[in-house]
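The values are calculated or read from the model by the stated rules, or taken from the named source; none is laboratory data. Please read all numbers here as calculations on a predicted model, not as lab measurements. Glycine gets a Cβ as well: all are built from the backbone with ideal geometry, and neighbour counts include every protein chain shown.
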Amino acid sequence: MKLNLYKSLLGSVIGVGMFSLNSCTDLSETIYSQIASEKYEFTENDASSMFAPVYSSLRDVYWAWYGYADLDICTDLWCIPLRIGVGWGDLYINLHKHDFHQELYHLSGLWSNAYAGINACNRLLADEAVQAAESSVAQLRAYRALYYYLLFDAFRNIPLDTQFEHEDGWQPEQATPQQMWDFIMGELEDVQELCGTESTMNELSNYAVRMIKAKMYLNHNAWFNDHSDDSYYKKCIDELNVIISSNKFSLAPAYSDNFKEDISDCSEIIFGIPFEYLYAGGNYFANLWMNEAGRATFGFTGWATGGGGALSQFLDTYDEDDTRFTDTWIGGPQVDQYGEPILVDGTRLDYTWNLRSIDNPGCYPMEGYRMVKYEIKEGDWGTSYDDVPFFRYADVLMMKAECLLRLGGYNGETEQDAADLVTRVRERAFKSTDPDKATRTVAQLKGGSVYKYGHYENIAKQDETDNWVTTEDGGNDIVLGGLLDDLAWEFVAEHHRRQDLIRFRMTNGQNVFNGKSWFCKDRKTDINDNHCDIFPIPKSAIDGNINLKQNEGY
C-alpha cells in the first residue's frame, strides 16, 4: 500500500507535464505562478500533486542528518557517546551535556529545513490556481503551522513570514513568542474543519490539526514560564475530546504495530510521515544504533555505526514484565539470524547494560543496549523505509490523563479517570505477562519518579579498575513523577521527551530538564536559569538577517 501511495504521488507530479520540480529543496524560483491558468483548468488532485516540496521538507526536518528526532539526545533516555576506536559520537556530546551553542549543526539543519517547508507552503498559497482549491489551501496552512510549531518549540523567538514574493533586500522580522503563538493558533483554528476527516499518510486531517492545537495548549505554561493559568489544560482536553469522540482511532493491538515499516493501516496513527526505499528514504535508527557486526542479528544490509546507547539509569526503571522493554531494546550476547554467536575479532558481540562515559574517555563499541523499536527487516537497508508515527492515539489518552491530573479533574471527569486512561495504554504491554501490573493508581502517577537521577559516569578506561563518579539527585521531588515515567516507557525515541522534561517540574519549581542530572549531564544549580529550554538561533541565520536577536543566555 505504501509503495502504491508513492507511485501515485510521483505519477501525479510527472503527469502534470508543465511542472518542473528540479529539487525538493530548491525553493528559490516561483515555478507555479508562471503557469498560464487559461491553458489548464486545475482540479483539487492537481493541487495535491504539487505538494512534494511541502511533504519532503517535513521528512528532512524529522530525519535528515541532524534532524528533529535527534533532539531526544538532550534527554535522560539515550545518547550518542564518543565511541572509542570508532569516533563520530563527538558530534553529539554538546547536546547530551546541554552545552548548546549557535554553531551546532543540529540547530542549523532544523532551522533551514523547517523554513524550506514554510517557503514551499508560501509559494503554493501565493498561486491563484491553488487558492481556488479550498481543501488544498487548508492543508497548506495547516502544514505551515506545523512547521512553525516545531520551530517555536525549539527556538521560540523566530521570524514569521507568510509571503512568497518579497522586495529586494527584504528580511523578515523576529516575532515575539506571543505573536507567534497567536499566529499558529489562529491558522489552526481557521482550518480545523477544512482538512477532512480521513487520516492518510502525509496529509493533515482535522484530527491532526486538533493534535497540534492540543500540544500547543499542553505546553503553553512551560513555554511561557507562567504556571498561573490552568485554563490551557482545559482547552487541551477539549481538543483531545474531539479526537476521542470521533471514534476514528483506537490503540493498536500490539505496541510494535506502531513502528512497522508500513503503518498506513495502523488504527492508532493520527498523523504519520511516510518513508519509502525508492522515493523517500531517510529513517536511520537501525544504522545509528547497531554495531557493524550486529547487522547479522537482523540481516539488514545498510551501514552501521554502533553509535546510540540507552542510558542504564533509564533501563533500570522498567518493570521486568513490561513487554515494551524487549519491543524497544536488545542487549547481552548476540546471535545472527541462524542462532549462531556473532564474533568481532574473535570476541563475542555483547551489548552491555552500562555506558562508560559520554567523552571521558567515551564508550567502547559494545557498551550500551541498542534500540530495535522501529522494524528492521531482513535484506532492508536498515530502518530507512520505516514510517514515523508522528501523532498516535496513545498520546491522546496520555495527554488527557496529564491534564486531568494537573487540574484535579475537569468537566465531570476525575483523577481516577486519568489513572484509568494510563492503565488502558499500559494494558497491551502486560497482557501476556502480568495483566495486574498494567493498573496505575492516582497515587502512583502523582508520586515521584523511580528514575535514579544523578551523575553516573565511569571514567576508567577498559583495562583499568572501574572509577565511578556519581551524585544522587533522586526522583521523589518530581511532581507527577509517576506519569513522567509512564511517558518515557511509552514514547521513548518518538520526539516527546525533551518537551516532557521541560513541562514537568520539581517541588522547588525548577523543571526536570534543567534541575536533574543524568549520565554525564549535570543539573543547573541556579533554579532560575532556564535558558536551555530553547536552543540558540543558528549562527548562519543570525549572520543572514540583521533583524534577528540571539536568544537570551547564548
inquiry  = Pull out all pairs, ordered by first then second residue, where Cβ-Cβ is under 6 Å, the residues are six or more apart or on different chains, the first lies in segment 91-108 and is of a type in the set (D, E, K, R) and surrounded by fewer than 18 Cβ atoms within 10 Å (Cβ to Cβ), and the second is modelled with pLDDT of 95 or more and in a helix (DSSP H, G or I).
reply    = E103/K539
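Sort through S245, S228 and tell me the only one that's over 29 Å from K431 (Cβ atoms), free of Cβ contacts under 8 Å to residues at least 40 places away in the same chain, of a type in the set (S, T, Y) and surrounded by fewer than 18 Cβ atoms within 10 Å (Cβ to Cβ).
Details: S245 fails: over 29 Å from K431 (Cβ atoms).
When all the criteria are applied, what remains is S228.
Just one of W353, W303 is modelled with pLDDT of 95 or more and hydrophobic (A, V, I, L, M, F, W, C); which is it? Give the derivation first.
On the way: W303 fails: modelled with pLDDT of 95 or more.
After applying the criteria, what remains is W353.
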note = How many residues of segment 504-532 are in a loop (DSSP other than H, G, I, E, B) and either in contact with a Cys (Cβ under 6 Å, 6 or more places away or on another chain) or among the charged types (D, E, K, R) (or both)? The answer is 6
key: Selection count, segment 402-417, where residues are touching a residue at least 40 places away in the same chain (Cβ under 8 Å) and at positive phi   = 1
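Can you tell which of T305, T317, T326 is in a helix (DSSP H, G or I), closer than 29 Å to L95 by Cβ and β-branched (V, I, T)?
Details: T305 fails: in a helix (DSSP H, G or I); T317 fails: in a helix (DSSP H, G or I).
Just one listed residue meets the conditions, T326.
Taking I158 as the residue in question, decide whether it is within 26 Å of H495 (Cα to Cα), in contact with a strand residue (DSSP E or B) (Cβ under 8 Å, 6 or more places away or on another chain) and aliphatic (A, V, I, L, M). Walk me through it before giving the result.
Values: within 26 Å of H495 (Cα to Cα): yes; in contact with a strand residue (DSSP E or B) (Cβ under 8 Å, 6 or more places away or on another chain): yes; aliphatic (A, V, I, L, M): yes.
Criteria met by I158.
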query = Any residue at all in segment 245-259 that is in contact with a Ser or Thr (Cβ under 8 Å, 6 or more places away or on another chain), in a helix (DSSP H, G or I), among the hydroxyl-bearing types (S, T, Y) and within 30 Å of G339 (Cβ to Cβ)?
reply = yes
inquiry  = Scan segment 274-288 and tell me whether some residue there is out of contact with any Phe, Trp or Tyr (no Cβ under 6 Å at 6 or more places or on another chain), closer than 30 Å to V425 by Cα and either part of a strand (DSSP E or B) or without any contact (Cβ under 8 Å) to a residue 60 or more places away in the chain (or both).
reply    = no
query = If you take the residues of segment 333-383 that are among the hydrophobic types (A, V, I, L, M, F, W, C), in a loop (DSSP other than H, G, I, E, B) and more than 26 Å from the chain's Cα centre (by Cα), which of them is surrounded by the fewest Cβ atoms within 10 Å (Cβ to Cβ)?
reply = I342
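If the requirement is being within 30 Å of T305 (Cα to Cα) and under 25 Å from the mean Cα position of the chain (by Cα), which of these qualifies: G109, G186?
On the way: G186 fails: within 30 Å of T305 (Cα to Cα).
Being within 30 Å of T305 (Cα to Cα) and under 25 Å from the mean Cα position of the chain (by Cα) holds for just one of G109, G186, which is G109.
How about segment 402-434: which of its residues are in contact with an Asp or Glu (Cβ under 8 Å, 6 or more places away or on another chain) and more than 17 Å from Y318 (Cβ to Cβ)? Even if it seems obvious, please write down each step before you answer.
Taking segment 402-434 as the starting set, the residues that turn out to be in contact with an Asp or Glu (Cβ under 8 Å, 6 or more places away or on another chain) are 404-409, 418, 422, 425-426, 429-430, 433-434.
If the condition is that a residue be in contact with an Asp or Glu (Cβ under 8 Å, 6 or more places away or on another chain) and more than 17 Å from Y318 (Cβ to Cβ), then L404, L405, R406, L407, G408, G409, A418 are the ones that fit.
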request  = Return the total of residues in segment 71-91 being touching a Cys at 6+ places or on another chain (Cβ under 7 Å) and not in a loop (DSSP other than H, G, I, E, B).
outcome  = 2
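Is it the case that some residue within segment 281-294 is surrounded by fewer than 18 Cβ atoms within 10 Å (Cβ to Cβ) and among the small types (G, A, S)? Working first, answer last.
Going through segment 281-294, the residues surrounded by fewer than 18 Cβ atoms within 10 Å (Cβ to Cβ) turn out to be 292.
Pick out the ones that are also among the small types (G, A, S) and you get none.
Among the residues of segment 281-294, not one is surrounded by fewer than 18 Cβ atoms within 10 Å (Cβ to Cβ) and among the small types (G, A, S), which makes the answer no.
Pick out the one residue from V388, V422 that is surrounded by 19 or more Cβ atoms within 10 Å (Cβ to Cβ) and closer than 22 Å to I263 by Cβ.
On the way: V422 fails: closer than 22 Å to I263 by Cβ.
Every option except V388 fails the conditions.
Could you list all residues from segment 169-225 that are of a type in the set (G, A, S) and in a loop (DSSP other than H, G, I, E, B)? Can you show your working first?
Residues of segment 169-225 of a type in the set (G, A, S): 169, 175, 186, 196, 199, 205, 208, 214, 222.
Those that are of a type in the set (G, A, S) and in a loop (DSSP other than H, G, I, E, B): G169, A175, G196, S199, S205.
Only one of Y369, Y385 is aromatic (F, W, Y) and more than 22 Å from T323 (Cβ to Cβ). Can you tell me which? Can you show your working first?
On the way: Y369 fails: more than 22 Å from T323 (Cβ to Cβ).
Y385 is the lone residue from the list that is aromatic (F, W, Y) and more than 22 Å from T323 (Cβ to Cβ).
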